[in-house]
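Asker: This is the structure, below, for whatever I ask next.
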Amino acid sequence: MAAATAAAVRGRRFKWSLELAAAPGARPRGAAEGRGPLGFAERQLGEGGVHESDKILMEKRCWDVALAPLKQIPMNLFIMYMAGNTISIFPAMMVCMMGWRPLQALMSLSATLKALESSSRRALQGLVFLVGNGLGLALALYKCQAMGLLPTRPSDWLAFVAPPQRMEFTGGGLIL
């Protein structure tokens, strides 16, 4: 009885089994007829559809490159707020990085503009890139001024000019 069931199992083919000893070029027995792998299509895609989608993707990529400096502005504003105006290591490193990133982007401007060359609106995208990096530099300079690192008063430049006297001091919400 056991030999008969074993012979029946050997003779029966499962849907998932393939016979690899078939003749070259012939389909193995048990292979799905007329079906390719997932994502396979018998018809060819039209040439216009592929090139049009490539152009759209390139345009989106160029806008991503152009808008990247502007997308960093809100993050930099939040970090500026969290760092405070004291002169310590964290705010100093933050100001250095806020100033260095736009400078580095502006130093590699030719490579960035070369990447934007494939776009139809490269002049506008280049201008947006420049404005975004200019705003990043302006934020770094503002933070330096708020921390008191920029010489903005005559007393910062000249030794014989007295620094301005504060009219009042506050501490803890009370006027002292």
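The values are calculated or read from the model by the stated rules, or taken from the named source; none is laboratory data. Computed from a predicted structure; not experimentally measured. Every residue, glycine as well, gets a Cβ built from its backbone with ideal geometry; the counts of neighbours run over all protein chains shown. With ligands, DNA and RNA removed, areas are computed over all heavy atoms of the protein, side chains included. Shrake-Rupley method; radii C 1.70, N 1.55, O 1.52, S 1.80 Å.
Asker: Is it the case, given these coordinates, that W100 is under 15 Å from the mean Cα position of the chain (by Cα) and aromatic (F, W, Y)?
Answerer: No.
Asker: Another question, then. Are there any pairs with C-beta distances below 7 angstrom linking a residue in the range 83-109 that is over 12 Å from L149 (Cβ atoms) to a residue that is assigned to a helix (DSSP H, G or I) and open to solvent by 90 Å² or more (accessible area, probe 1.4 Å), with the two at least 6 apart or on different chains, and if so which?
Answerer: A83/F90
Asker: Given the options W63, W16, W100, name the one that is open to solvent by 70 Å² or more (accessible area, probe 1.4 Å) and either under 30 Å from S119 (Cα atoms) or modelled with pLDDT under 60 (or both).
Answerer: Just a single option satisfies the conditions, and that option is W100.
Asker: Looking at (1) open to solvent by less than 90 Å² (accessible area, probe 1.4 Å); (2) at pLDDT 85 or above; (3) of a type in the set (D, E, K, R), find the lone condition where D54 falls short.
Answerer: (2)
Asker: Moving to a separate point now. With a cut-off of at least 2 residues that are open to solvent by less than 80 Å² (accessible area, probe 1.4 Å) and modelled with pLDDT of 85 or more, name the helices (runs of 4 or more DSSP H) lying wholly within the range 105-166.
Answerer: Output list reads 109-115, 122-147.
Asker: Working only within the range 133-145, note down all residues that are among the small types (G, A, S) and over 13 Å from L77 (Cα atoms). Spell out the reasoning first.
Answerer: Restricting attention to the range 133-145, the residues satisfying the condition of being among the small types (G, A, S) are 134, 136, 138, 140.
The one that is among the small types (G, A, S) and over 13 Å from L77 (Cα atoms): G134.
Asker: Could I ask something else about it? What's the number of the condition Q72 fails, among (1) at pLDDT below 90; (2) touching a Lys or Arg at 6+ places or on another chain (Cβ under 8 Å)?
Answerer: So the condition that Q72 fails would be (1).
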